[in-house]
Structure formats: structure tokens, C-alpha cells
Amino acid sequence: MAPATFTVLGAVVIVALVVLSAFFSSSETAIFTLPADWVADGDGAGGSAAVLDGLRSDPHRLLVTILVGNNVVNVAIASISTGLLVQYLPAGRAIPVATVVASFVVLVFGEIVPKSYGLGNAKRWALTVAVPIRIVERLLYPLVVVFDVLTRHVTDLLGGETDIEAPYVD
């Protein structure tokens with residue numbers, strides 16, 4: 001593939017991945033900031049409210065699902081950015097430049113702004129993302145189960161609270 005085509009394709013993929021990062025970050029904030037009684041009532045939201053209530057019934061698994069999705073996306077952003085930049089810069093420069101640029105892009109457009117949006121639009125956004133998050137949970141099921149069990153076990157071994165997320169959804 002020609003370098004220009006690879007660069008354009010890489011840039012398009014990075015933009016799509018940043019959108020996915022924003023989706024996961026805003027979803028996490030929106031879902032975990034809603035009062036439990038609002039979710040249980042559903043506020044006339046129909047099927048999305050039921051899905052949202054189901055997601056929140058296991059907050060640790062929900063958090064693991066969101067974090068697995070978000071971390072896979074963010075690592076891909078960093079990897080692709082590095083792959084693109086090594087075409088134009090020596091590796092010794094491409095790696096730190098990619099790290100700084102990818103960190104900036106992910107923090108601003110994949111984390112901070114989306115989390116602010118999720119917080120400011122929690123009810124509407126949580127209902128909007130409930131079904132897609134459920135789909136992601138099912139698509140990533142093997143990974144989610146492994147990390148869910150592993151993190152509960154490690155937390156227990158370290159003497160931590162294994163249901164730390166519960167107060168945020170109860």
C-alpha cells in the first residue's frame with residue numbers, strides 16, 4: 001500500500017477510534033452518575049431503561065466491559081499513530097511524538113470532553129448507549145469474563161473491596 005494511502009487510511013481509523021473512545025468514556029460517566037431510583041423507574045424510557053437496569057445490576061462487569069473496550073481502542077490509537085509517524089520521522093523521534101500526540105488527543109477528545117458530556121446529559125445519554133454497551137458486553141464476553149474474574153480475585157487477595165462500584169449504582 002502506498003504511504004499516502006496508508007496515512008489517509010490510518011488517519012481515518014484513528015478518528016473512528018477516538019469516536020469509540022469518546023463513546024466508552026461518556027457512557028461510563030453517564031451510566032455511573034445516574035441515581036438508581038431513576039434507572040429503576042425508567043422514566044417512561046421503555047426497553048432502553050430495562051437494558052440499562054440490567055447493565056447496572058452487575059456494576060463491576062459493566063465497568064470491566066467499558067474499560068476493556070476503551071483500553072483496546074486507546075492502545076490501538078497509540079499503536080497506529082506510532083506506525084504512521086515512523087514513516088515520516090526516525091523511530092527515536094516518532095515514538096515520543098506519537099506518545100505526546102496520542103495522549104493529547106485521547107485525553108481531550110476521548111476522555112475529558114466526552115466525560116463532561118456524559119455528566120451533563122446523563123439521563124438521555126445513558127439510555128442512548130445502554131443497548132450498544134450491552135452489545136459490546138456480548139461481543140467482548142470472553143475478555144470481559146476473564147478480566148471480571150481476575151480483577152475480583154486480585155482485589156480480594158489484596159484485601160480490597162470487591163464490590164467497590166456498587167454505591168455508584170445502588
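Every number in this text was worked out from the coordinates using simple rules, so none of it is lab data. Keep in mind it's a predicted model, so treat the numbers as computed, not measured. Every residue, glycine among them, receives a Cβ derived from its backbone with ideal geometry; neighbour counts consider all protein chains shown.
State the number of residues belonging to region 79-118 that are over 15 Å from the mean Cα position of the chain (by Cα), aliphatic (A, V, I, L, M) and assigned to a helix (DSSP H, G or I).
Looking only at that region, the number is 11.
Look through region 56-68, keep the residues that are charged (D, E, K, R) and part of a helix (DSSP H, G or I), and return whichever of them is surrounded by the fewest Cβ atoms within 10 Å (Cβ to Cβ).
Arg61
Any chance region 116-136 includes a residue that's in contact with a His (Cβ under 8 Å, 6 or more places away or on another chain) and touching a residue at least 40 places away in the same chain (Cβ under 8 Å)?
No, every residue in region 116-136 fails to be in contact with a His (Cβ under 8 Å, 6 or more places away or on another chain) and touching a residue at least 40 places away in the same chain (Cβ under 8 Å).
Can you tell me which condition Asp53 does not meet? The list is (1) in a helix (DSSP H, G or I); (2) more than 27 Å from Arg152 (Cα to Cα), and all the others hold.
Failing condition for Asp53: (2).
Go through region 1-31 and give me each residue that's without any contact (Cβ under 8 Å) to a residue 60 or more places away in the chain and of a type in the set (A, V, I, L, M).
Met1, Ala2, Ala4, Val8, Leu9, Val12, Val15, Ala16, Val19, Leu20
For Phe109, all conditions in the list (1) aromatic (Phe, Trp, Tyr); (2) surrounded by 14 or more Cβ atoms within 10 Å (Cβ to Cβ); (3) farther than 30 Å from Pro3 by Cβ hold save one; what is the number of the exception?
Phe109 satisfies all of (1) aromatic (Phe, Trp, Tyr); (2) surrounded by 14 or more Cβ atoms within 10 Å (Cβ to Cβ); (3) farther than 30 Å from Pro3 by Cβ except (3).
Out of Val144, Val97, Val75, which single residue is under 28 Å from Asp37 (Cβ atoms), of a type outside the set (Asp, Glu) and either touching a Ser or Thr at 6+ places or on another chain (Cβ under 8 Å) or surrounded by fewer than 18 Cβ atoms within 10 Å (Cβ to Cβ) (or both)?
Answer to the selection: Val144.
Run Arg138 past the list (1) exposed (fewer than 13 other Cβ atoms within 10 Å of the Cβ); (2) closer than 17 Å to Ala30 by Cα and report the number of the one that doesn't hold.
Unmet condition: (2).
In this structure, is Gly83 over 23 Å from Ala49 (Cβ atoms), in contact (Cβ under 8 Å) with a residue 40 or more places away in the chain and of a type outside the set (A, V, I, L, M, F, W, C)?
Answer is yes for this residue.
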